[in-house]
Amino acid sequence: MWPRDLIETLALRPHDVDEKVCELHFQNNDIQRETECYDEKTGKKITVSLKRPRLQDGAIPSQQPNCPEYLSSSRPTRENVDQRRERIDNDNLRRAIAQLYQQI
């Protein structure tokens, strides 16, 4: 397991442009392999593969290859705020509809 103080030190210090990290220590969703931009002339979204993958903001090394599985953590992904609101609204709507059917 990565010591918390090492993780915080790495996260807070300025990074050199040429620094490299091993992708085996990160989850797949922590690694950005392509980037997107919007072309205003054509009105299309352009997706381009990166020559060198980069880490997402806030990526924390959590995988320990060649070690027992319990040493690697799989942190749950947080639900997007908009997705959460939509899910809660849909749940409330379903409950309201169910109550209406019970009253009829």
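The values are calculated or read from the model by the stated rules, or taken from the named source; none is laboratory data. Bear in mind the structure is a predicted one, so any value in this text is a computation, not a measurement. A quick note on method: Cβ atoms are made from the backbone with ideal geometry, for glycine too, and the neighbour counts reach across all protein chains shown. Heads up: the accessible areas ignore ligands, DNA and RNA and are worked out on the full protein's heavy atoms, side chains in. Shrake-Rupley method; radii C 1.70, N 1.55, O 1.52, S 1.80 Å.
What to note about this one:
- Test for GLU69: is it at pLDDT below 80, open to solvent by 100 Å² or more (accessible area, probe 1.4 Å) and out of contact with any helix residue (DSSP H, G or I) (no Cβ under 7 Å at 6 or more places or on another chain): yes
- Residues of region 44-62 that turn out to be β-branched (Val, Ile, Thr) and surrounded by 10 or more Cβ atoms within 10 Å (Cβ to Cβ), as a count: 2
- Only one of the listed residues (GLU8, GLU34) is modelled with pLDDT of 85 or more, among the acidic types (Asp, Glu) and not in a loop (DSSP other than H, G, I, E, B). That residue is GLU34.
- Residue within region 74-84 that is outside any helix (DSSP H, G or I), modelled with pLDDT under 75 and in contact with a Ser or Thr (Cβ under 8 Å, 6 or more places away or on another chain) present: yes
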